[in-house]
Amino acid sequence: YSNGPFFAALAYETYEDGNSNFGTGAGTNPAAGNNTDNDAVKLGLGYKANGFSVGFIYENIDLDENTNAGLGDQENWLVNASYAFGNNVVKAQYAEADSPLANGDYDYWAVGIDHNMSKRTKVYALYTEVDNDAAAAAALNSGTGTGHQYGGNVAGSDADILSFGMMHNF
């Protein structure tokens with residue numbers, strides 16, 4: 001939905017007979033194995049005007065009781081903001097995951113800046129950090145699929161990344 005400076009989105013996804021790891025910071029209970037049926041609902045809201053934008057996302061993950069007995073649901077939320085001035089955009093983001101696992105919560109935050117060198121080329125800098133509770137294993141990833149993973153594989157480990165880059169649209 002989009003109307004003037006306001007926008008909204010609603011999404012639903014389901015994992016049937018999958019092997020996911022929600023609740024650990026890496027998805028569902030890894031001990032659950034295959035044949036896990038989980039559902040998730042996500043709501044996003046935002047406002048954008050005069051170079052300023054702000055957004056909010058809330059997600060509820062309904063864990064399969066057969067393979068995640070007694071865990072309950074996982075709730076995640078995220079807030080982000082940006083401000084554009086001249087050729088620059090300053091960005092900030094914060095998120096929390098409330099895991100059903102004891103000491104499985106984690107939070108994430110990022111700050112960055114984009115500098116538009118032209119309509120097709122920009123450079124950027126970004127600092128990102130994830131803070132895990134004792135049983136959480138959230139990670140920062142680069143790439144897709146089995147890309148490089150920073151932190152996360154060890155419960156309670158934190159990770160941070162400083163990124164620099166250039167994007168050019170052909």
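The values are calculated or read from the model by the stated rules, or taken from the named source; none is laboratory data. The shown structure was predicted, so the numbers you read here are calculated from the model rather than taken from an experiment. Don't worry about glycine lacking a Cβ; one is built from the backbone with ideal geometry, like all the others, and counts go over all protein chains shown. Please note that ligands, DNA and RNA were not included when accessible areas were found on the heavy atoms of the full protein model with its side chains. Shrake-Rupley method; radii C 1.70, N 1.55, O 1.52, S 1.80 Å.
A few comments on the model shown:
- For segment 57-89, residues that are of a type in the set (V, I, T) and either under 14 Å from D39 (Cα atoms) or at pLDDT below 95 (or both) total 2.
- Selection status of A139, closer than 14 Å to A155 by Cβ and surrounded by 15 or more Cβ atoms within 10 Å (Cβ to Cβ): yes
- Hits in segment 86-120 - residues which are under 15 Å from G156 (Cβ atoms) and among the basic types (K, R): none
- Those residues of segment 90-102 which are modelled with pLDDT under 85 and open to solvent by 70 Å² or more (accessible area, probe 1.4 Å), in sequence order: A102
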